[in-house]
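Nothing in this text is a laboratory measurement; each read-out follows from the coordinates by a stated rule. Being a predicted model, the structure only gives us computed values, none of them experimental. Ideal geometry is used to build each Cβ from the backbone, glycine not excepted, and the neighbour counts take in all protein chains shown.
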Amino acid sequence: MPVKNMTRKQIQTFFERLREQRPHPQTELNYSSPFELLIAVLLSAQATDVSVNKATDKLYPVANTAQAILNLGVDGLKEYIKTIGLYNSKAENVIKTCRILVEQYQGNIPETRKELEALPGVGRKTANVVLNTAFGQPTMAVDTHIFRVGNRTGLAVGKNVLEVEDRLIKVIPKEFIIDAHHWLILHGRYCCIARKPKCGECVVADVCNWPDRFEFGANKAIVVKNLS
Ligand code: SF4
């Protein structure tokens, strides 16, 4: 059965609940500057945040600027990140990116999507995370969790990442747009998980449109009561 799009009222309640649950949502990657965030996100492609944090916890005390990482060189950098998947190509990209940052941006991070996406290893998703998390811009980096939550719940149904991204930007009320990215990721990572979503303990079960949620423990009585 196709999932129905959520109504405006459902979407408002959906985000009010997620906000109540996590008033100050944050990325789980460790960083203390836009540069550290950019490199951490770049390293996190197809790797867990935990594995990236383990590497950057050792790397950043030694080198946390574009010039310092450039000084390490590809081989020096690999020593710090070799526990992360795809570290060979990531090391090459990080060094190339650092060189551009030093030569063209005085070591700073550019604040536009176009400039960010021109950096080696930086795609739309990474650019969106940096724009949103480091610079507070209302962007939406759709990862596997957000794609699933959007489609499953009826919040933002789309065939591909870009469709879901566009829909989310369109339907999310302004008051939630800055933090929505984190709320959705964390909800997808810890509650609305891929195989066995925890609908029985989900704070938005009554406004979710996924038809199968009752099989996964959502309480029918509460759903009916709250929606009526
Ligand atoms: S009720 Fe289930 S499917 Fe709906 S948002 Fe919650 S966990 Fe996800």
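Miscellaneous remarks
- Comparing V130, V207, V142 in a Gaussian network model of the chain (Cα springs below 10 Å), the most mobile by mean-square fluctuation is V207.
- Here the sum of -39500 (n - 2.57) over DSSP H runs of 4 or more residues, divided by the residues of the chain, equals -17000 deg cm²/dmol at 222 nm, to the nearest 500.
- The chain - charge dipole about Cα centre, Lys and Arg +1 at Cβ, Asp and Glu -1, debye rounded to 20: 800 debye
- Computed over segment 34-135, the range of Cα coordinates on each principal axis works out to 31, 26, 22 Å, biggest value leading.
- Cα point-scatterer Debye curve for the chain, base-10 log of I(q)/I(0) at q = 0.08, 0.12, 0.18 Å⁻¹: -0.33, -0.69, -1.23
- Mean sequence separation of contacting Cα pairs (under 8 Å, at least six apart), scaled by the length of the chain, corresponds to a relative contact order of 23 percent.
- Of the residues A118, A40, A141, the one that moves most in a GNM of the chain with alpha-carbon contacts below 10 Å is A118.
- Subtracting the Cα-Cα distance of I193 and F214 from their residue separation scaled by 0.36 nm leaves 6.0 nm.
- Extending 7 Å from the Cα toward the beta-carbon at both H24 and N64 defines two label points whose distance is 1.8 nm.
- Once C-alpha pairs closer than 8 Å and six or more residues apart are averaged by separation and normalised to the residue number of segment 38-105, the relative contact order reads 38 percent.
- With 0.36 nm allotted per residue and the present C-alpha distance subtracted, the E175-N108 stretch has 21.2 nm of extension available.
- Hull volume per residue, based on the alpha-carbon atoms of segment 100-146 and their convex hull, is 69 Å³.
- Max mean-square fluctuation residue, GNM over the chain, Cα-Cα springs under 10 Å, options P25, P138, P211: P211
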